[in-house]
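Colleague: Got a structure here, written out as structure tokens. Questions coming.
The values are calculated or read from the model by the stated rules, or taken from the named source; none is laboratory data. Please read these numbers as outputs of a predicted model, since none were measured by experiment. Here the Cβ positions follow ideal geometry from the backbone for every residue, glycine too, while neighbour counts run over all protein chains shown. For the accessible areas, the whole protein counts, side chains as well, though only heavy atoms, and no ligand, DNA or RNA atoms are used. Shrake-Rupley method; radii C 1.70, N 1.55, O 1.52, S 1.80 Å.
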Amino acid sequence: MKTLKVAALPRLLIEEGAFEKLPDLVAESSVRRIGIVHGRAVWSRWGDRLCRELSSRDIEFVEVPVSGEPSPRIVDDIVNTWSENKPGLIIALGGGSVIDAAKAVAAMLAEPGAAGKRSVKDFLEGVGSTIPSGASLPVYAVPTTAGTGSEATKNAVLSEIGGFKKSLRHDNFVPKLALIDPLLAVDAPLGVSAAAGLDAITQLMEALMSTGASSFTDALAVSGLVAAGRAFPALLQNPGNVSARGKMGYAAYLSGVVLANAGLGMIHGAASPIGAAREIPHGLVCGLLLPGTVRRILMRARAQEQRLLIRKLEKAAEALNSEVDDLAELLDGWLEDSGLPGFGEYGFTADELVELAGATGMKESPVLFSEKEVAEIFLERL
């Protein structure tokens, strides 16, 4: 039997109204001072209620908003502000970027000798020269979008536009709690929800096809795709569909679990250089590249008679209520229905995309694309 190793997972609660339980869960931790990293929109609706409930339990808190893709400077600024009177626990209330920022803040506040003295940049893979010790404050992740699965992973992705998009990573950085309440997501703009959903679907599909996949990750990936296959088109039709929000939250969580245990493919190898070049939503990049990538993987799998890969694509298609020959077209249709913009609307040029194709890694892709093939996939979405 193939060796099976499973990464650490958070305690999980998925429930309509689960947010109401968060103050009691914090109180159970015995921590009396917490830090809250949040998105502005969700805080404007839910922040006052959370603050009242925490105060009624004699829990002190400090809070800070994070918007856009988190940078090392954003993390450093929060750490420097909180280092004199450190919280004992961090709540991340927002999308994947907020959760990534919160995990990085929790790690840097606990890193021996680093809080307020060293930049998180020193600890980033491929950027800094220092390996994180693994020390971290506990993180309670409360996602308000269903996309990256950051609530289930050990890495925090940070970016410098024009520079890099890299991870702070350690097994101990997995959140202690993932609390998923679909009610928190119903007011999210359709474009945000669509990009996030396509990110989750991409991660599930890439993990299913990954060279690092196992029977364990395959089962979870298919389960996530079944949920997304029902929920994502329903969400496009009615963003206020709470049941669909809950199913997408489940799918996104599983996408984080499988990426942590199976790895991802070329699309995520492309997302790093593209995301470093422009401030563009990560989920949008994934959604733009998914149909063309799937179309070419199926063609290559058939040409090379890769029966296992073909069977996995058939499973993905079945989960998404499609035939395998129509899978790429289904994904194209979802992208069109989402109304998401192409690369050109973010200032990318054809020459730039061709150059970025050369910086794209294959990761655990079952197909090794040439630089020319990658460029073709990029240019289709210009």
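Colleague: Can you list residue pairs whose Cβ atoms sit under 8 Å apart, with the first residue in region 56-68 being open to solvent by less than 40 Å² (accessible area, probe 1.4 Å) and the second being of a type in the set (F, W, Y)? Count only pairs 6 or more apart in sequence or on different chains.
Modeller: So the pair list comes out as V62/W82.
Colleague: Among the numbered criteria (1) open to solvent by 30 Å² or more (accessible area, probe 1.4 Å); (2) touching a Ser or Thr at 6+ places or on another chain (Cβ under 7 Å); (3) among the hydrophobic types (A, V, I, L, M, F, W, C), which one does V42 miss?
Modeller: Here V42 clears every test but (1).
Colleague: When P341 is evaluated against the numbered criteria (1) of a type outside the set (V, I, T); (2) out of contact with any Lys or Arg (no Cβ under 6 Å at 6 or more places or on another chain); (3) in contact (Cβ under 8 Å) with a residue 24 or more places away in the chain; (4) assigned to a helix (DSSP H, G or I), which criterion, by number, is the only one it fails?
Modeller: Only one criterion is unmet by P341, namely (4).
Colleague: Restricting the first residue to region 13-30 and requiring it to be over 17 Å from C51 (Cα atoms) and among the hydroxyl-bearing types (S, T, Y), which pairs with a second residue that is open to solvent by 60 Å² or more (accessible area, probe 1.4 Å) and not in a loop (DSSP other than H, G, I, E, B) meet a Cβ separation below 8 Å and a spacing of at least six or different chains?
Modeller: Pairs found: none.
Colleague: In region 239-305, which helices (runs of 4 or more DSSP H) lie fully inside it and hold 2 or more residues that are within 22 Å of F378 (Cα to Cα)? Working first, answer last.
Modeller: Details: elements: 242-262, 266-277, 282-303.
Result: 266-277, 282-303.
Colleague: Given region 147-219, what strands (runs of 3 or more DSSP E) lie entirely inside it while holding 1 or more residues that are small (G, A, S) and open to solvent by less than 10 Å² (accessible area, probe 1.4 Å)? Talk me through it step by step, then tell me what you get.
Modeller: Details: elements: 155-160, 164-169, 177-180.
Per the criteria, 155-160, 177-180.
Colleague: Do we have G361 as in a helix (DSSP H, G or I) and touching a residue at least 12 places away in the same chain (Cβ under 8 Å) here?
Modeller: no
Colleague: Moving to a separate point now. What residue, of E355, E376, is open to solvent by 20 Å² or more (accessible area, probe 1.4 Å), farther than 25 Å from T217 by Cβ, modelled with pLDDT of 95 or more and touching a helix residue (DSSP H, G or I) at 6+ places or on another chain (Cβ under 8 Å)?
Modeller: Working: E355 fails: touching a helix residue (DSSP H, G or I) at 6+ places or on another chain (Cβ under 8 Å).
Exactly one residue qualifies, and that residue is E376.
Colleague: Any residue that is under 25 Å from the mean Cα position of the chain (by Cα), open to solvent by 60 Å² or more (accessible area, probe 1.4 Å) and touching a residue at least 24 places away in the same chain (Cβ under 8 Å) - is there at least one of those in region 318-336?
Modeller: yes
Colleague: Just checking, how many residues over region 113-134 are open to solvent by 30 Å² or more (accessible area, probe 1.4 Å), within 15 Å of S83 (Cβ to Cβ) and modelled with pLDDT of 95 or more?
Modeller: Residues flagged as open to solvent by 30 Å² or more (accessible area, probe 1.4 Å), within 15 Å of S83 (Cβ to Cβ) and modelled with pLDDT of 95 or more within region 113-134 amount to 2.
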